[in-house]
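Written out below as structure tokens is the structure these notes cover.
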Amino acid sequence: MNAFFQSQPTQDFSKISASIHITVRQLDLSFPDEIPEFWFKDNPLLTMLFTALSSAFPDGERQFIYSVRNYQDKISDPVLLKQVRAFIGQEAHHGKEHDALNAVMLKKGYPVERIYKRFKKMNRMLQQRFSVEHQLACTVCMEHLTAILADYFIRIAPEDLELFDVHLRKIWAWHAIEETEHKAVAFDVYQSLVNRPYFLRLVMLETTLSFLIITTRGTKELLKASGKNKDFQSLYEGLKYLLGRQGVIRKISRAYLDFYSKDFHPWQHDNREQMMKLKDQYLH
């Protein structure tokens, strides 16, 4: 278990999960056209990475909703059922708010619609070829990836939210908070109605590889459109932020690997206290 997280006895994880109040928030954010082109750390590579992620969210999260809804009628636990409904509400609003941000980047000339089309096609493929169990497992795995990325901005380096342009800090803080609130919902549904742990770990390998390939492809396309794909100084700075000795990937790697442990539960990474601080700063 990651020593940097607050540890809890194994039997308490389900209690923590059941105690989490998941709030559906409708922010109706708008983004001025004068947002700078490179709005994270003034860095083209990092901005295009976050743009690729933002472009993937609307249709990616529609698939998350679809995969969990396949099991909604089978859930007997009233607490989990209430959380599932809130999960669906949160994910729907994530897509709506990121649509607004993506429209700004589209207006700036970035081909975000390519990523939209790619995810629509991928969702159709998943729904046609994958079993409902496999689709739910994919959602569990993606929820873990988004949860540990969210935790970077919640617990590890909340000060890095200030590297976003001032107009964009709220959307990324809000998204990180809500991904944390519902980080165990799909997992708890899977555990209660499927419970194939070895299959889930295999799907995590599959999902991680797919996520890296798709995100890298989208980032490269957007970076090429920016004209900064040969700006080696900014590329170096961006890669150092991500992959350096003190980079994001190194700092979240242990939490990622925890997923493969026998007794893993998302709330063994207990960052509720830090999440509340971020709520006070950005949502109140």
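The values are calculated or read from the model by the stated rules, or taken from the named source; none is laboratory data. Remember, it's a predicted structure, so these values are computed and weren't measured experimentally. We place every Cβ from the backbone using ideal geometry, glycine too, and count neighbours over all the protein chains shown. What goes into the accessible areas is simple: the full protein's heavy atoms, side chains included, and nothing from ligands, DNA or RNA. Shrake-Rupley method; radii C 1.70, N 1.55, O 1.52, S 1.80 Å.
Of note:
- Scanning the chain for DSSP H helices at least 24 Å long along the axis (C-alpha atoms) with a Kyte-Doolittle mean no lower than 0.5 picks out 132-151, 197-226.
- Estimated at 0.36 nm per residue, the fully extended path between residue 26 and residue 121 surpasses their Cα-Cα distance by 31.4 nm.
- Three-way shape call for segment 152-284 based on the alpha-carbon gyration tensor, with the a/c threshold at 1.5: oblate
- Each residue, residue 230 and residue 82, gets one label point 7 Å from its Cα in the Cβ direction; the gap between the two is 6.0 nm.
- Sequence of 232, 87 when ordered by accessible area, the most exposed leading, probe 1.4 angstrom: 232, 87
- Cα shape, segment 73-199, gyration tensor, a/c 1.5 rule: oblate
- Using only side-chain charges placed at the Cβ, +1 for Lys and Arg and -1 for Asp and Glu, the dipole size of segment 1-118 relative to its Cα centre rounds to 340 debye.
- Modelled FRET efficiency - R0 51 Å, residue 254 with residue 107, Cβ distances, 0.05 increments: 0.80
- A crude spin-label estimate for the pair residue 160 and residue 129, with each label 7 Å from Cα along the Cβ direction, gives 3.3 nm.
- Estimated from helical segments only, the mean residue ellipticity of the chain at 222 nm is -22500 deg cm²/dmol, where each DSSP H run of four or more residues counts as -39500 (n - 2.57).
- Among 240-247, 77-84, 186-193, 262-269, the peptide with the highest mean count of other Cβ atoms within 10 Å heads the list, and the full ranking is 186-193, 262-269, 77-84, 240-247.
- Taking a sphere under 10 Å around the Cβ of residue 88 and counting the other residues whose Cβ falls inside, with K and R at +1 and D and E at -1, yields a net charge of 0.
- Spatial separation of Cα centroids for segment 214-236 and segment 86-127, in angstrom: 20
- Here the 3J(HN,Hα) profile of segment 36-41, calculated from phi with Karplus coefficients 6.51, -1.76 and 1.60 at θ = phi - 60°, is x, 4, 10, 9, 10, 6 Hz, Gly and Pro shown as x.
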